[in-house]
Each structure stands twice: as structure tokens, then as C-alpha cells.
Amino acid sequence: MKNLILISFLLAISLSFSQSITFEPRKLDSLIFLKINKYRATLGVKPFVAFEDSLMREYSQRLTRVNSTKQFITHSDSVGYVCNGECIYRYASGGKLNEFLLANGEVDYDKLAEKAVTGWINSPTHQNIISGERFNIATVTSVIKLNKEAGSIQFDSSFHALDKGLTTSTKYSYKTKNRAK
């Protein structure tokens with residue numbers, strides 16, 4: 001009986017090492033947001049006045065989660081509902097996980113943030129959205145999947161923005177007054 005328990009325990013441990021670990025680091029989201037604002041500054045565009053943390057963020061997180069489960073990422077069909085701009089990004093690599101790990105074994109968020117922002121800058125339609133002067137409120141969401149055994153990483157990120165005119169079909173507007181900065 002003890003051997004059966006031990007074998008079951010060892011099997012469970014070995015299976016857990018071969019599975020992906022999925023997490024949604026808000027710290028990475030904030031870093032991407034800051035890098036976008038730095039990019040906007042190089043263009044003479046005002047930074048976003050708020051990192052939206054309610055309805056648009058929930059919408060963005062749902063899209064990012066869904067995309068992280070698909071073979072090919074897709075834009076949502078609801079732009080205009082709570083946002084006016086959308087950018088999506090994926091980086092996936094097999095066997096290159098170590099390139100994205102710091103010496104302490106943690107994921108290098110700065111490197112991933114740089115890849116997402118550079119990817120959006122290099123796409124004319126996405127570049128127009130992240131640098132558009134009409135947008136003043138935005139959010140970013142991310143999902144990271146690591147498989148240490150396979151040495152792979154998959155990073156999905158979504159950026160959503162709301163323009164100053166607040167012209168969404170739902171008349172959604174993000175209240176920046178009385179918010180901590």
C-alpha cells in the first residue's frame with residue numbers, strides 16, 4: 001500500500017513538471033503601459049491620463065485569456081463597446097525559455113514588455129492606435145504560459161484604449177476624477 005501511495009505521489013509530481021504554468025502578472029501590464037507612454041513622449045504625444053482598471057480592463061483580460069488558449073490569436077468583435085482601440089500581441093517560442101528568465105529564475109518582464117511594444121510599433125495599424133492623440137485612457141493585460149520541461153514560453157498581451165470623445169456604443173466613460181494617481 002505504501003508503495004502504491006509513493007508511486008502515485010511521484011507520478012503526480014512528474015506530471016506537474018511537464019505541464020504549463022499560467023499566470024497574469026499585473027506588474028507586466030503596468031510596465032507595458034509605461035513603455036507605451038515613453039514611446040508616446042518620443043512622438044510628442046501626451047501620455048495616457050489613466051490606466052483603466054475596471055470595465056475596459058475586464059473586457060481586455062477576457063480577450064487575452066481566450067487568445068492564450070487559441071492556436072491563432074484574433075481581435076475581438078466588440079471594439080466600440082467599451083473601447084475604441086485594440087492591439088493584440090503574441091510571442092511564442094519553443095526551447096528559448098532561458099532567454100526570458102533572469103538569473104534568479106523569474107521571468108524577465110522588461111524583455112517581454114519591450115517585445116510587445118516593439119511589435120505594436122512595427123505594425124502601422126497598431127502603431128496608430130498606441131500613439132493616437134485622440135486616445136487618453138488605456139489598459140493592458142497579459143497572460144504568460146511557461147513550460148519549463150519543454151523550455152517554452154507563450155506570452156499574449158492586449159492593449160485597449162478609450163478616446164477623448166468617449167464615443168462607444170454603450171456611452172462608456174472612465175471616470176478619472178477622484179482616482180488615486
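Bear in mind these aren't lab numbers, they're just calculated from the coordinates by the rules spelled out. Remember, predicted model here, so these are calculated numbers, not experimental data. With ideal geometry, Cβ positions are generated from the backbone for all residues, glycine too; neighbour counts draw on all protein chains shown.
Here's the list of aspartates and glutamates a cross-link from K70 could span, going by alpha-carbon distance under 17 Å and ignoring same-chain residues fewer than 8 apart: E24, D156. Here is the list for region 42-81: chymotrypsin sites (Phe, Trp or Tyr not before Pro) lying in DSSP coil, each with at most 14 other C-beta atoms within 10 angstrom of its C-beta, are F72. Candidate cross-link partners of K171 among the aspartates and glutamates, defined by an alpha-carbon separation under 13 Å and a same-chain spacing of 8 or more, comprise D163. Sequentially through region 38-50, phi angles give Karplus couplings (6.51, -1.76, 1.60; θ = phi - 60°) of 5, 5, 4, 4, 5, 9, x, 9, 4, x, 4, 7, 8 Hz, Gly and Pro residues having no value and appearing as x. Expressed in Å, the radius of gyration and Dmax of the Cα atoms of the chain are 19.1, 71. Over the chain, dividing the summed -39,500 (n - 2.57) contributions of all DSSP H runs of at least 4 residues by the number of residues returns a 222 nm mean residue ellipticity of -12500 deg cm²/dmol. Here the simple spin-label model places points 7 Å from the Cα toward Cβ, and for R26 and S78 these points are separated by 2.1 nm.
Angle of helix 109-121 to the longest C-alpha principal axis of the chain, folded into 0 to 90 degrees and rounded to 10: 50°.
Stretched out straight at 0.36 nm per residue, the stretch from K148 to T42 would grow longer than its current Cα-Cα span by 34.4 nm. Per-residue Karplus couplings for region 150-155, computed as 6.51 cos²θ - 1.76 cosθ + 1.60 with θ equal to phi - 60°, are listed in order as 7, x, 10, 9, 10, 10 Hz, Gly and Pro entered as x.
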